[in-house]
Structure formats: C-alpha cells, structure tokens
Amino acid sequence: MAGNDYYSILGVNRNATDKDIKAAFRRLARIHHPDVNPGNKSAEARFKEVNQAFEVLSDSEKRKKYDQYGENWQHGDQMAEAARQQAAAGREGFYRPQDGAGRSFQYDEGDLESIFGDLMGGRAGGFGRRTARPRRGQDLEYEVEVTLEEVFNGAIRNISLQSEVPCPTCRGTGRIQNLACSVCRGSGVTPEVKRLEVRIPAGVDNGSRVRIAGKGQSGGAGAPAGDLFLVISVKPHPQFKRQGDELLVDVGVPLTTAVLGGEIQVPTLKGTRLALRIPPETQNEQVFRLSGQGIPRLGGTTRGDFLVNVKVVLPKGLSAEERALFNKLKEIRPA
C-alpha cells in the first residue's frame, strides 16, 4: 500500500476522532465487503485497503507512529533510535552492527536527514552522505456519481481536483540557500486546482475504482506522480433495475394481448423502444430474456442480458358490452 494515505482511504481528515474512523470503516466495509461483491476483485482489493487503514488508525499507538512517520510508521522505533544516537553523539556518529563491533564516522550537515532517508528507502552510499530517493506522489481519490444511462454507454466527465505540485520557487526541495522556502514554508509543494477530462468506462458499478494513471499528487524532485482513482456510485433509476450485468424492466401488457398474444413495445436505456412479440397465454410476471442487450461487462466486450418482466394490466371502466362478454367467459370457463 505504499503511496496510499490511510486517512484518504477511509475518507476522513487527520483530526478525525475514533468514532469518525469507526463510522467511516463500517460504511466502506458495507460497500466493498467480498460477501456483497462476490467475484469482484476490485472490490476485494479495496476492502483490504480499507481494512488495513482501519487496523492502523484505530490503534492509538500505531496511529501516533503513522502520523509521525507516514507509510514507514513500522520503522518508527528505528528512526527514533537513529535520531537519539545522533543527538547523543553530536557530530561524532556511532554505528553498531549486529555483531556488536563499534565503528565511528563523522557526520556533515544534513546527515541526520540522510539517516531518515535510508530508513525510508534511500540509497546508501557508504559511510558518507546518503541521498534519499525521491518519493512517488500520493494517490488521490475522487467520488463520482453516474446515472444508469452512463453505466450503459460510458461517459466523459470534467472534474476539478485540489492537489499539490512541486513548489516552483524552491523546485520542490523546500529550501533556498539552506533556509526554509518562504513560498511553500519548507514543505516543497504548493496547492493547485487541476481540471481534468476523465473517461468513465461502460459497466462500472457501485464501489468501482477507475484508475487514471499519473494524475494524483506530484512526486518529489522528479519522482513520478501518483494515480487518481475515481470511486463510482450509481444513481438509482426510476424505471430500470440492474442485477449484476443484467438489466430488468417492467412492461405493462393489456389483458387481451397477454391472453391472445401480440407485439408489445419495450423501452430501452438508449431512449428508444424495441418491438417484442409475446406468445398467447403469457402469464403475469413472466420474464422474457433478450440476450446480449444488458449492461456491458466492465473491461470486456460483451454484455449481460435484458430482462423484460410482463405486468398484465387489467381493464378498468368496462362498458356494458365488455361486462357482458366477461360474464359469458365466466360461464364458459368457470373458476
């Protein structure tokens, strides 16, 4: 999970209370739990991320280390010990390998920062100055609500995203002539609003995460940017229902057509209508399956099926002649 921020994963800020964190975890767990999304690998991976973030942030000691050391919180004790040894030794550093043999060496300006850089994945260059490896930018998430029509056809959205970019004054170093940069206050980054045109593929579902490569936070000192993940929620449709990759619609059918058979008009998500011939003696709630005309399968080239559920409509406001005919039918065909 390197590069991901646990607070962002749970959708809470860094001042969130334990109650806020628990509530966010429960909400996301209900959405992404494997039992709710059988066979959905994306939801399974997302659930693991949420679970790992909650495991750390719900534990006060782990959270304290995470707030101090970020994604390298598990090395917090080592980093604190390195800092303690440096402070105790002054400019005379002391390194004790596993065999217990002591070796001393001199630190120059910035070596304490190099110790932290090594523990965070920096490249060791001997007992002199070490150069910390630039960090990849942080991944970002952006929630997008789509309609069922957009699920069916795919969509293009224009979004505005608050992000951070390397400070143009100090070029992302955070310092100018060994002093903290006055523009970014030593952080190395400045805020920026990104405006992006993003493509949402057909077939997405609640909880789907669409990856937009390289559109997350900028990396430090030339490191690659993180990714942007669009977290999808689908707005309920007043007429159509989704069942996995299948699309279901109820269609009212006159009693006479259901009894004698005939052609009915079926609405579609495209806004058109298609003709469907039903056989005589079609029953109420009988379902007709139109193969390959349902929801696109995400990442594939095929579609699910379109299910037409017949709702037989009984006549109202019968005329005297119609009532007489029904009475005659009742005589011929008693219940």
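The values are calculated or read from the model by the stated rules, or taken from the named source; none is laboratory data. Bear in mind the structure is a predicted one, so any value in this text is a computation, not a measurement. Positions of Cβ are generated from backbone atoms using ideal geometry, with glycine treated the same way; all protein chains shown enter the neighbour counts. Surface accessibility is based on the protein's heavy atoms, side chains included, excluding ligands, DNA and RNA. Shrake-Rupley method; radii C 1.70, N 1.55, O 1.52, S 1.80 Å.
Summary of computed values
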{"read-out": "Criterion: at pLDDT below 80, under 20 Å from residue 74 (Cβ atoms), under 15 Å from the mean Cα position of the chain (by Cα) and open to solvent by less than 30 Å² (accessible area, probe 1.4 Å) - qualifying residue of 37, 4", "value": "4"}
{"read-out": "Residues of the stretch 161-214 that turn out to be part of a loop (DSSP other than H, G, I, E, B), open to solvent by less than 50 Å² (accessible area, probe 1.4 Å) and among the polar types (S, T, N, Q), as a count", "value": "1"}
{"read-out": "Residue match in the stretch 278-289 (condition: in contact (Cβ under 8 Å) with a residue 60 or more places away in the chain and of a type in the set (A, V, I, L, M, F, W, C))", "value": "no"}
{"read-out": "Subset of the stretch 215-233 [under 30 Å from residue 250 (Cα atoms), of a type outside the set (S, T, N, Q) and open to solvent by 30 Å² or more (accessible area, probe 1.4 Å)]", "value": "none"}
{"read-out": "From 299, 294, 252, residue being touching a strand residue (DSSP E or B) at 6+ places or on another chain (Cβ under 7 Å), assigned to a loop (DSSP other than H, G, I, E, B) and in contact (Cβ under 8 Å) with a residue 40 or more places away in the chain", "value": "294"}
{"read-out": "Pair list, Cβ under 9 Å, 6 or more apart: the stretch 190-205 residue within 14 Å of residue 217 (Cβ to Cβ) and of a type in the set (A, V, I, L, M, F, W, C), other residue part of a strand (DSSP E or B) and open to solvent by less than 30 Å² (accessible area, probe 1.4 Å)", "value": "193/161; 193/163; 196/159; 196/161; 196/228"}
{"read-out": "Exclusive hit being open to solvent by 60 Å² or more (accessible area, probe 1.4 Å) and on the phi > 0 side of the Ramachandran plot, set 292, 317, 262", "value": "317"}
{"read-out": "Number of the condition not met by residue 295 [criteria: (1) of a type in the set (Val, Ile, Thr); (2) out of contact with any Gly (no Cβ under 7 Å at 6 or more places or on another chain); (3) within 30 Å of residue 149 (Cα to Cα)]", "value": "(2)"}
{"read-out": "Search result, residues across the stretch 27-67 that are in a helix (DSSP H, G or I), of a type in the set (D, E, K, R) and closer than 28 Å to residue 245 by Cβ", "value": "27, 30, 41, 44, 46, 48, 49"}
{"read-out": "Qualifying residues in the stretch 214-243 (those that are at pLDDT 90 or above and out of contact with any strand residue (DSSP E or B) (no Cβ under 8 Å at 6 or more places or on another chain)) - the one nearest to residue 189 (Cα to Cα)", "value": "236"}
{"read-out": "Every pair of residues 6+ apart whose Cβ atoms lie under 8 Å, when the first sits in the stretch 53-81 and is open to solvent by less than 70 Å² (accessible area, probe 1.4 Å) and among the hydrophobic types (A, V, I, L, M, F, W, C) while the second is at pLDDT below 75 and part of a helix (DSSP H, G or I)", "value": "56/73; 79/72; 79/115; 79/116; 79/119"}
